[in-house]
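Data first, discussion second: the structure below is written as structure tokens.
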Amino acid sequence: MSDFWTDTLFFGGVISLLGYEVGLLLKKRFRLAVLNPLLIAVCCVIAVNKLLGVDYETYNQGGQYLSYLLTPATVCLAVPLYRQLSLLKQNWKAIVCGLSAGIVAGAVGILALSKLFGLSHEQYVTLLPKSVTTAIGMGISQELGGLVAITTATIIITGILGNVIAEAVFALFRIRHPVARGLALGNAAHAIGTAKAMELGEVEGAMSSLAIAVAGILTVVSASVFAPLL
Amino acid sequence: MKLLKQFMLILLVSLVGELLKALLPLPVPASVYGLALMLGCLCLGWIKVEQVDKAADFLIEIMPIMFIPAAVGLTEAWDSLKPMLLPLAVVILLTTVLVMAVTGITAQQMMKKGEKHHE
């Protein structure tokens, strides 16, 4: 029977979408931030794969078609951004300052914690690009001599975490302005955070999309400045 | 048919994004080139927003599911994560909150100041 799962390409897609539906149902039923549909989908898929003895490679034969859509979807983020262009022009100073402040704060935080834990230079530069979108982060990590596989994992975990905790952080720090919320999500949690920002509203989503691109580019600069400090 | 044309345009821009990535020696992913390119085309009127909006809204809405396979792939990276698990967890948790809070608060404060200035 296990051969059947190996042979069908639709297995990965079906359990991924099913897991996401389960997540949506749970979120609707209990209204808790921890019950994040993406997080639940990931847990469901991992559990089902373990249960049926399906390895990652087999799952991903079908799953990869979902990942295939990621580049076109990111390109599409230009559409909400275009619709909110006047907002961007009106607030460009706040946008640039907010994003830069967040990136510098993140780099200082990573430096301080790496010193605290006595991490090696290699481990430190592995963590530096953790808030940017995967493709840029991998490039930075490679450039600086980090462990690219761990950087990728860290980026994905950061994204999911940011997606899950965003509303709690906004409540705690009284971040209410939709522009500020969107920038915060995109800057801290890249595209996975942007998915959350889109749920909050079109302005949030547009600002978060902008943050992915700008933060990615600013981090290329900041990481090369911060890398020699440990 | 309309929707198909919209997908075609989006895939075309993605393709040119890939091309730019192959040609330029920068650590910028194809998707970010594509995003900038699409925004440029919309601003210049080369692509009208009605020519891509339906497919774009759909793709954006289902975006979270596109991260599922990569996140499930974390189980493969488990062995390399194990040795630095504690520092990793602390760094990820604290700095994610830090970046989010500092970005949001700074932007919000600056916009408040700007609004007062206008009054």
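The values are calculated or read from the model by the stated rules, or taken from the named source; none is laboratory data. Not measured: the values here are computed from a predicted model. No Cβ is skipped: glycine too gets one built from the backbone with ideal geometry, and neighbour counts run over all protein chains shown. What goes into the accessible areas is simple: the full protein's heavy atoms, side chains included, and nothing from ligands, DNA or RNA. Shrake-Rupley method; radii C 1.70, N 1.55, O 1.52, S 1.80 Å.
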Item to check | Cα principal axis extents for the stretch B:1-66, largest first, Å | outcome: 36, 31, 18
Checklist entry - For A:Asp55 and A:Val225 in one chain, what is 0.36 nm times their gap in residues minus the Cα-Cα distance, to one decimal in nm? => result 57.1 nm
Checklist entry - Along the Cα-to-Cβ line of B:Trp46, 7 Å from the Cα, sits a label point; which residues in the stretch A:69-104 have backbone N less than 17 Å from it? => result A:75-79, A:82
Item to check | Loop-located trypsin sites (Lys or Arg not before Pro) in the stretch B:1-87 whose Cβ has at most 15 other Cβ within 10 Å (DSSP) | outcome: B:Lys48
Checklist entry - In the stretch B:1-66, what is the count of Lys pairs whose alpha carbons are under 15 Å apart, counting only pairs at least 8 residues apart or on separate chains? => result 4
Next on the checklist: Accessible area per residue for chain A in Å², computed with a 1.4 Å probe and the full protein assembly in place, what is it?
Outcome noted: 43 Å²
Next on the checklist: Restricting to DSSP H runs of at least four residues, report the calculated mean residue ellipticity at 222 nm for chain B, -39500 (n - 2.57) per run over all residues, nearest 500 deg cm²/dmol.
Outcome noted: -26000 deg cm²/dmol
Item to check | Label-zone membership for the stretch B:1-36, site A:Arg83, 7 angstrom Cα→C-beta point, backbone N under 20 Å | outcome: B:2-11, B:35-36
Checklist outcome for this item: Per the C-alpha gyration tensor (a ≥ b ≥ c, the square roots of its eigenvalues), the protein assembly as shown is rounded if a/c is under 1.5, else prolate if a/b beats b/c, else oblate; here it's rounded
Next on the checklist: Within the stretch B:1-66, what whole-number % of the accessible surface is contributed by carbon and sulfur, with the 1.4 Å probe and all protein chains included in the calculation?
Outcome noted: 73 percent
Checklist entry - In peptide A:158-166, how many Cβ atoms from other protein chains are near each Cβ within 10 Å, on average? => result 4
Checklist entry - Using Cα pairs under 8 angstrom and six or more residues apart, how large is the relative contact order of chain A, in percent? => result 20 percent
Checklist entry - Put simply, what bits of the stretch B:1-44 lose 50 Å² or more of accessible area when the other protein chains are there, versus the chain on its own (1.4 Å probe)? => result B:Pro27, B:Pro29, B:Ser31, B:Val32, B:Leu35, B:Leu39, B:Leu42
Checklist outcome for this item: Relative to chain A, whose Cα atoms define the longest principal axis, helix A:178-200 and its Cα axis are tilted in degrees, nearest 10, by 50 degrees
Checklist entry - Considering only DSSP states other than H, G, I, E and B, which chymotrypsin sites (Phe, Trp or Tyr not before Pro) in the stretch B:1-78 qualify as loop sites with at most 11 other Cβ atoms within 10 Å? => result B:Trp46
Checklist entry - Chains B and A: what accessible area do they bury, summed, in square angstrom to the nearest 100, with a 1.4 Å probe? => result 6900 Å²
Checklist entry - Is the shape of the stretch A:57-180 best called rounded, prolate or oblate, per the rule: a/c under 1.5 gives rounded, else a/b larger than b/c gives prolate, else oblate, with a ≥ b ≥ c the square roots of the Cα gyration tensor eigenvalues? => result oblate
Item to check | the stretch B:44-110: C-alpha gyration tensor shape, a/c 1.5 cut-off, then a/b vs b/c | outcome: oblate
Checklist entry - How many Å² of accessible area per residue for the stretch B:1-45, probe 1.4 Å? => result 60 Å²
